[in-house]
Structures are given as structure tokens and as C-alpha cells.
1. Report whether or not GLY154 is touching a strand residue (DSSP E or B) at 6+ places or on another chain (Cβ under 8 Å) and on the phi > 0 side of the Ramachandran plot.
2. State all residues of the stretch 146-165 that are part of a strand (DSSP E or B) and in contact with a helix residue (DSSP H, G or I) (Cβ under 7 Å, 6 or more places away or on another chain); if no residue qualifies, say none.
3. Looking at (1) loosely packed, with under 15 Cβ neighbours inside 10 Å; (2) over 16 Å from GLY61 (Cα atoms); (3) in contact with a strand residue (DSSP E or B) (Cβ under 7 Å, 6 or more places away or on another chain), find the lone condition where ALA88 falls short.
4. Mind checking which strands (runs of 3 or more DSSP E) fall wholly inside the stretch 72-145 and carry at least 1 residues that are in contact (Cβ under 8 Å) with a residue 12 or more places away in the chain and of a type in the set (S, T, N, Q)?
5. Search the stretch 159-177 for residues that are over 30 Å from GLN123 (Cα atoms) and pair each with any residue that is of a type in the set (D, E, K, R) when their beta-carbon atoms are under 9 Å apart and the residues are at least 6 apart or on different chains.
6. Looking at this structure, is TYR175 modelled with pLDDT of 95 or more, within 22 Å of ILE4 (Cβ to Cβ) and surrounded by 17 or more Cβ atoms within 10 Å (Cβ to Cβ)?
7. Looking only at the stretch 28-67, count every residue that is touching a Ser or Thr at 6+ places or on another chain (Cβ under 8 Å), assigned to a loop (DSSP other than H, G, I, E, B) and loosely packed, with under 14 Cβ neighbours inside 10 Å and tell me the total.
8. Looking at the stretch 90-125, which of its residues are polar (S, T, N, Q) and under 13 Å from the mean Cα position of the chain (by Cα)?
Amino acid sequence: MTDIRTPRLVLRQWHDDDLVPLSEIHADPVVMRRIGDGTPRSVEQTARDIETWEEEWDEEGFGMFAVELLGSGELAGAVGLTVADAPAEIAGQVAISWRLGRVFWGQGYASEAAHATLEFALQDRGLDRVVAVCHADDRASANVLGKLGMEPEGRAQHPVHGHDLTLYGIDLTQYEG
């Protein structure tokens, strides 16, 4: 796994001591309202998430990074790439996503981490395309996706939970690093 440094962040592999701070992020219902079924996750569920992300690194050569603040060493959240399984419109494609603790919102960390991750996907990993899924009413995430140069490409409904989604994508030819 590759560590990536940005001006304010380190995107890195997961450490054992990341479980507690990520569990605290996952326990916040406001953070989790647009992730999965929208419910907070337990420590055990968070441990399984980290294990799944580490397995994806081994199998795919990419996955979710731990996002650490360069100055303080605090875990701010997670950002990375996964192979989407839903909705059907993007199943099998590589998707970018992130989740940060609420205290880290509004400071540009999501954009900074997502930009570094997109560059990693398209330049380091040689992917030709990256997609994203955003709740239709999630203006903050849509703003981050716009800063990445990702364009809305359609709508879908979550196959299990039924909420409206906006689908985004960017091809290597559109990327302006």
C-alpha cells in the first residue's frame, strides 16, 4: 500500500489504533446518515469494515486509506476506492468515496483527500475511469465531486434503501490533475 502526502494530510494504511477513532466517527448518526443504510456502526462492524478494506488492497491494489492530519496525527476518517456493487448502473466499476468525522467538515479535507485519491487512481493505478455515487440531496459531497472534475451522469435509486442517488464519473481523458 502506498502512503500519499498532501499539504495537510497523510493517506495511509490502517493501524490497530485507528479502530477507536474510526468507531467514534461511525457512531455519529449525522456522519453515517448517507452511508449504507444510514445507521451508525458498532466497534465490531467498524473492525469488519477495516478488514474488508485491507482485503481489497490485497486483491485489487487499491482500497480505502486512513486519513490522518499531518500536523496532529489525528484520524480524520477514510477515503479511497472500492469496486462498486450497487447500484446496477455502476456495478463493477471503481468508485471513490470518503467519510470524515464531523469536526473535520467544512475545512477542505474531503476535497484534498479525494483529489489525491483520484490522482492515485488515474495516474498511479492506471485506471481509465472512476465513478461516484452521491445521495441526490447531498450538496456537500456533490460540491467535492465537482471540484474533482466529476460530472453527473445519471440518476438511480438505491436498490435496497430506495433513496435517490446521483451518479458521477470521470474518464482519464477528462482528468486535469
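The values are calculated or read from the model by the stated rules, or taken from the named source; none is laboratory data. Bear in mind that the values here come from a model prediction, so they are computed numbers and not experimental data. Methodologically, a virtual Cβ is constructed for each residue, glycine included, from the backbone with ideal geometry; neighbour enumeration extends over all protein chains shown.
1. Working: touching a strand residue (DSSP E or B) at 6+ places or on another chain (Cβ under 8 Å): yes; on the phi > 0 side of the Ramachandran plot: yes.
For GLY154, the condition - touching a strand residue (DSSP E or B) at 6+ places or on another chain (Cβ under 8 Å) and on the phi > 0 side of the Ramachandran plot - is met.
2. GLY154, ALA156
3. It is condition (3) that ALA88 fails.
4. On the way: elements: 75-83, 94-100, 129-135.
Fully inside the stretch 72-145 and qualifying: 75-83, 94-100.
5. Close Cβ pairs satisfying both conditions: VAL160/ASP37; HIS161/ASP37; HIS163/ARG34; HIS163/ASP137; ASP164/ASP137; ASP164/ARG155.
6. So TYR175 fails the test.
7. Of the residues in the stretch 28-67, 1 are touching a Ser or Thr at 6+ places or on another chain (Cβ under 8 Å), assigned to a loop (DSSP other than H, G, I, E, B) and loosely packed, with under 14 Cβ neighbours inside 10 Å.
8. Here is the first cut: in the stretch 90-125, the residues polar (S, T, N, Q) are 93, 97, 107, 111, 117, 123.
Result: SER97, SER111, THR117.
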